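Report on one structure; see the data block that follows.
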Amino acid sequence: MKKILALTLFIVTISSCDNSKKITLSKLEGSPPYLNAKISTASITLDDDNEYAFSFDVSDYELGAKTINTVENQLANSGKGQHIHFIINNGPYSAHYTNNFKKKLKNGNNVILAFLSRSYHESVKNPNAFVLTQIGDEKVDLNNEFLFYSRPKGTYKGKDTEKLLLDFYLINTTISPEGNKVKATINDTEFIITEWAPYYLQGLPKGDIKIRLELVNSEGELIDSPFNPSIRNVTLE
């Protein structure tokens, strides 16, 4: 039987059906806010190899630097430092540690989100820390309410399995106890998230973990918007 709890600023603990595991979802605090960090598109060009060259202007944010936070968060941390999360059609992101890089895009429309990321993959959430654009003929209305999935991602080993960052990106929408919310389903356990913030998961079993993120309205109904819901699988070894 699923259990559903509203997530506020305290730690939420939910026992699984057999009581052998406890999953906790806690707000991550202590990260530098980077309130003035900014990213904007400098240019997007198509070269002779059918690759798109992306160039971004980044200010008040140092790509390649290790993020210094005020608490030891014990999250998986990139040794290459701060970077840009680059997401196409809400697929898994690619990490870029410089402001110029190339990508091949699939045929059809490509909705592209690029946002600044701390070295431990937590997104910077100020209004100037992202770029949303699209390339292709069948345009999507970029004024839609969007939820983009970011973390967790891939395979985690050793100590990195003890605490996983849960992070997502909201555009053209807000969440609150009275309004829209994010419903996070971790295997068979559901959490209702009412604050856009980074969170971390603990108590996950080893093996494959299924994560489903849904942007829902105040009645708990799925909002009809592109890429909603987001579904991912990660592995803990």
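Values quoted throughout were computed directly from the atomic coordinates according to the rules given, and no laboratory measurement underlies them. Keep in mind that this is a model prediction, so the values were computed, not measured. Cβ: placed from backbone, ideal geometry, glycine included. Neighbour counts: every protein chain shown.
Largest first and in whole Å, the equivalent-ellipsoid semi-axes of segment 112-237 read 25, 18, 14, each the square root of five times a Cα gyration tensor eigenvalue. For the chain, the relative contact order is 20 percent, taking Cα pairs closer than 8 Å that sit 6 or more residues apart in sequence and dividing their mean separation by the residue count.
For segment 34-142, the dipole from Cβ point charges (+1 on Lys and Arg, -1 on Asp and Glu) about the Cα centre works out to 280 debye, to the nearest 20. What's the longest bit of the chain with no exposed trypsin sites (Lys or Arg not before Pro), using DSSP loop states and at most 16 other Cβ atoms within 10 Å as the test? The answer is 158-205.
If N is the number of residues in the chain, what value comes out of its Cα radius of gyration divided by 2.2 N^0.38 Å? So the Cα radius of gyration is 1.02 times the expected 2.2 N^0.38 Å. 3J(HN,Hα) along segment 220-237, derived from phi through the Karplus expression 6.51 cos²θ - 1.76 cosθ + 1.60 where θ = phi - 60°, amounts to x, 8, 4, 7, 7, 8, x, 6, 10, x, 10, 10, 9, 10, 10, 10, 10, 10 Hz, with x in place of Gly and Pro.
Hey, which of these cross-link pairs are over 19 Å Cα-Cα: K27/K125; K102/K125; K22/K153; K106/K153; K183/K206? Flagged as over cut-off: K102/K125; K22/K153; K106/K153; K183/K206. Derived value for segment 186-237: Kirkwood hydrodynamic radius 12.7 Å. Basis is the mean of 1/r over every pair of different alpha-carbon atoms.
Bridges between two residues of the chain, per DSSP, are antiparallel at a rate of about 90%. The magnitude of the dipole of the chain, with charges of +1 and -1 set on the Cβ of Lys/Arg and Asp/Glu and taken from the Cα centre, is near 780 debye. Using the Karplus relation 6.51 cos²θ - 1.76 cosθ + 1.60 with θ = phi - 60°, the per-residue 3J(HN,Hα) values for segment 129-141 come to 9, 9, 10, 10, 8, 8, 10, x, 8, 8, 6, 9, 6 Hz, with x marking Gly and Pro.
Compute the FRET efficiency between N100 and E138 as 1/(1 + (r/R0)^6), taking r as their Cβ-Cβ distance and R0 = 25 Å, and round to the nearest 0.05. Spell out each step's value before the answer.
Numbers: r = 28 Å, r/R0 = 1.11.
Plugging the Cβ-Cβ distance into 1/(1 + (r/R0)^6) gives 0.35.
In order along segment 92-109, the Karplus-derived 3J(HN,Hα) couplings, from 6.51 cos²θ - 1.76 cosθ + 1.60 at θ = phi - 60°, round to x, 6, 10, 9, 10, 9, 10, 8, 10, 7, 10, 9, 8, 10, 6, 5, x, 7 Hz, and Gly and Pro are given as x.
Other residues lying with their Cβ under 10 Å from the Cβ of S78 contribute a combined charge of +3, Lys and Arg counting +1, Asp and Glu -1. Over segment 34-142, the Kirkwood radius and the radius of gyration, each from Cα atoms, give a ratio Rg/Rh of 0.99.
Segment A53..N109, full-extension length gain: 18.5 nm, with 0.36 nm per residue of separation and the alpha-carbon distance subtracted. With the convex hull drawn around the C-alpha atoms of segment 152-199, the volume per residue stands at 88 Å³.
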